[in-house]
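Here, each number is a calculation from the coordinates, and none is a lab measurement. These figures come from a predicted structure and were not determined experimentally. FYI the Cβ positions are ideal-geometry reconstructions off the backbone, even for glycines, and counts take in every protein chain you see.
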Amino acid sequence: MTTETIEAPARPERPQRAYAALFRSPSGAVGLVIVAVLVVCAILAPYIAPHDPLVMAAGPRLEPPSLAHWMGTDQFGRDVLSRIIYGSRLTLMIGTIAVGISLSAGLLLGLVAGYASGWTERVLMRIVDVLFSFTEIVIALACIAILGVGLVNAMIAIGIASIPFYARVTHSIVLVEKNKPYFESAVAAGASHARLIFLHLLPNVIPTLIVIGTLGVSTAVLAAAGLSFLGLGAQPPQPEWGFMLSSSRDLISRAPWMMIFPGLAIAITVLGFNLLGDGVREVLDPRQRAR
Amino acid sequence: MLRFIAQRLVAALITIWVATIAVTLLIHLVPGDPVRIMYSGFQTTPEQIEEIRTRLGLDQPVWRQYLMYMGRVLQGDLGHSIVGDQPVLTTLLQRFPATLLLTIASLFIAVVVGGSLGFFAAYRRGTVWDFGAMTLAIVGVSMPHFWLGLILLFIFSLSLGWLPVGGSGFMNLILPAMTLGLANAAILARLTRSAMIDIFDQDFVRTAQAKGLPQTLVLYRHALRSGLVPIVAMLGLQFAYLMGGAIVVENVFAWNGVGRLAIQAVFARDYPLIQGFILFFATVVALASVIIDVTYALLDPRIRYGK
């Protein structure tokens with residue numbers, strides 16, 4: 001009898017444990033729920049949106065929130081709620097594509113710099129540092145000046161603008177991994193460069209980068225909304241949240257709902273990814289949990 | 001200390017130098033003919049286009065263009081804008097005081113609000129106060145500042161009528177500075193909290209408490225003073241963020257700074273002005289970070305005496 005109580009239950013697999021822990025951390029759970037709702041909205045948009053987001057005069061113009069139009073209508077009579085639901089598709093697309101660009105390029109740069117060491121490392125990281133100090137918005141503006149205005153260009157611009165950040169992070173992880181016994185013994189065993197980089201360094205860099213990428217989605221969403229707000233990103237009639245906010249500017253006193261709901265949508269989405277990122281970090285770094 | 005300042009200055013110069021290269025390359029990365037794109041809004045003949053190309057030096061090899069550009073930059077000449085044909089440097093310098101004023105006012109708000117929130121949360125760590133302060137901070141981090149700007153505009157200008165909608169006086173500064181400052185206060189609150197928690201855990205604070213010093217003395221003389229060091233270290237990056245954020249906020253409130261100018265330039269595809277803006281921005285941020293790093297070194301004896 002006693003042995004049974006003392007015996008520890010079989011430990012579940014690692015990923016499952018991590019998910020369970022994510023749900024136990026309040027911020028992680030809230031973040032996960034928000035992001036899940038967003039994903040569901042994006043996938044089911046045609047089924048849950050009450051109106052077509054682009055059809056003008058779905059109702060009277062500038063109608064305040066009512067039972068027929070929960071978030072009111074805009075100056076063209078389009079249903080704000082439907083536009084926000086469809087906007088979640090654009091937002092998720094922007095977030096993933098922009099982070100995809102910066103993550104892959106930053107990963108490559110950081111890996112090469114960290115692995116190569118010596119002059120290659122110094123020159124590459126110096127360039128990365130300089131680009132980093134330009135700040136993301138200025139790099140993004142430069143990219144848009146080159147590529148021209150538009151949502152796709154804005155996504156590319158934001159992706160490029162964050163490369164220095166991911167390169168820095170990857171570089172610092174590589175420096176730590178390079179000093180670990182497993183790597184040193186692989187070098188001593190005469191492993192090739194490709195083997196060392198792709199089989200030894202890469203698998204150890206990727207988990208941390210995934211966490212940082214989750215947090216990065218929030219930054220990318222915020223930046224894209226900002227560019228669209230300035231008129232440099234999404235163009236009419238795209239139901240992009242930042243662009244919706246900017247078209248509400250001249251109507252704030254007449255139709256405040258046009259300003260409130262898109263902004264709320266951006267804020268909640270960004271909050272969701274921030275909380276999720278915080279939650280994942282807590283799970284991976286128990287030292288943070290004690291704080 | 002002198003060596004430290006020299007090192008920081010050299011790093012800043014390298015940043016500015018890389019910016020000159022980036023700015024020269026920028027125009028060559030434009031798909032299509034940059035001259036045609038720049039003048040697409042004007043009536044031009046093919047001869048005029050070629051003449052402009054020669055005048056801008058775009059018919060020369062890239063390396064020669066770079067040397068020509070550097071030669072002009074060193075003489076303080078950043079070229080002429082396409083729209084309005086104004087000297088770029090003069091235009092930027094005319095607009096810069098407004099941006100600097102906005103940035104400094106926001107930095108002040110960010111430090112006061114964010115710093116005290118973070119300090120308070122760290123001091124009351126683990127309590128409802130801490131949780132409340134940090135919830136406020138994460139909501140603040142997630143809030144787009146252009147939205148915050150519109151909300152403040154709606155409440156204080158349009159509904160209450162307390163503050164003007166746009167313009168360039170002191171009353172007009174309040175809303176943009178609050179918008180930019182509060183958005184960054186949230187980031188600073190989180191950073192300050194973790195910096196202060198590290199300090200509260202250190203032996204010298206515990207010793208000060210153990211020897212029976214009054215709590216306020218422990219807090220302000222011992223903890224806060226060393227807490228300032230990592231906070232000042234973050235200000236360099238904060239300043240760059242605020243300058244970047246000013247670009248958006250200036251456009252919300254029609255505040256006539258360089259950020260508003262930059263967006264107009266991107267729309268008009270005014271490349272000389274865009275190039276000038278990027279170089280100018282990089283220079284200002286680089287020099288500001290030198291000043292902040294030196295202040296940091298003055299506060300932290302470990303750096304002052306070369307570790």
Exercise for the section: Mind giving me the FRET efficiency for A:ARG249 and B:MET171? R0 is 25 Å, r the Cβ-Cβ distance, nearest 0.05 is fine. Expected result: 0.80
Fill in the blank from the handout: Computed for the protein assembly as shown: size of charge dipole around the Cα centre, +1 on C-beta of each Lys and Arg, -1 on C-beta of each Asp and Glu, debye to nearest 20, value 1440
Completion exercise
Percent relative contact order for region A:55-96, counting Cα pairs under 8 Å at least six residues apart, stands at 31
Handout entry: With Cα atoms, 0 to 90° folded angle of helix B:128-142 axis to chain B main axis
Key = 0
Problem - 0 to 90° range, to nearest 10: angle between helix B:170-200 axis and chain B longest Cα axis - result: 50
Handout entry: Efficiency of FRET from Cβ geometry, B:TRP162 and A:LEU62, R₀ 25 Å, rounded to 0.05
Key = 0.45
Fill in the blank from the handout: Summing -39500 (n - 2.57) over every DSSP H run of at least 4 in chain B, dividing by its residue total and rounding to the nearest 500, the 222 nm mean residue ellipticity is -24000 deg cm²/dmol
Problem - For region B:97-256, size of Cβ-based charge dipole, Lys and Arg +1, Asp and Glu -1, in debye - result: 420
Completion exercise
Across 5 Å bins beginning at 0, the whole-percent shares of Cα-Cα pair distances in region A:31-290 come to 1, 6, 12, 14, 15, 13, 11, 9, 7, 5, 3, 2, 1, 1, 0
Practice task
Output the relative contact order of region A:31-290, whole-number percent, from Cα pairs under 8 angstrom with separation of 6+ residues.
Solution key: 24
Exercise for the section: In square nanometres and to one decimal, what's the mean projected area of the convex hull around the Cα atoms of chain B? Expected result: 20.4
Problem - Cα-Cα separations in region B:12-116 greater than 20 Å, expressed as whole percent - result: 56
Exercise for the section: May I ask you to list, by number, the DSSP H helices of chain A whose Cα span along the axis is at least 20 Å and whose average Kyte-Doolittle hydropathy reaches 1.0 or more? Expected result: A:26-48, A:80-116, A:202-229, A:257-284
Exercise for the section: Specify the inter-centroid distance of region B:261-291 and region B:88-146, based on alpha-carbon positions, in whole Å. Expected result: 23
Handout entry: Alpha-carbon radius of gyration plus Dmax, which is the widest Cα pair, for region B:97-256 in Å
Key = 17.7, 56
Handout entry: Selection from B:GLY84, B:ILE16, A:LEU151 lying farthest towards where the dipole of the protein assembly as shown points positive, charges on Cβ
Key = B:ILE16
Practice task
Starting from the alpha-carbon convex hull of region B:100-153, give the projected area averaged over all orientations, in nm².
Solution key: 4.2
Practice task
Please go through region B:230-307 and write out the chymotrypsin sites (Phe, Trp or Tyr not before Pro) that DSSP classes as loop and that have at most 13 other C-beta atoms within 10 Å.
Solution key: B:TYR305
Practice task
Describe numerically, in nm with one decimal, the distance between label points set 7 Å from Cα along Cα→Cβ at B:LEU25 and at B:VAL294.
Solution key: 3.1
Practice task
Any chance you could give the angle, 0 to 90 degrees and rounded to 10, that helix B:46-56 forms with the longest Cα principal axis of chain B?
Solution key: 50
Handout entry: Charge tally in the Cβ shell below 11 Å around B:GLU250, where Lys, Arg are +1 and Asp, Glu are -1, B:GLU250 excluded
Key = +2
Exercise for the section: Between B:LEU213 and B:TRP129, take the C-beta separation as r, use R0 = 30 Å, and let me know the FRET efficiency to the nearest 0.05. Expected result: 0.80
Fill in the blank from the handout: Of the convex hull enclosing the alpha-carbon atoms of the protein assembly as shown, the direction-averaged projected area in nm² is 36.4
Exercise for the section: Would you calculate, for chain A, the mean residue ellipticity at 222 nm contributed by helices, counting each DSSP H stretch of 4 or more residues as -39,500 (n - 2.57) and dividing by all residues, to the nearest 500? Expected result: -23500 deg cm²/dmol
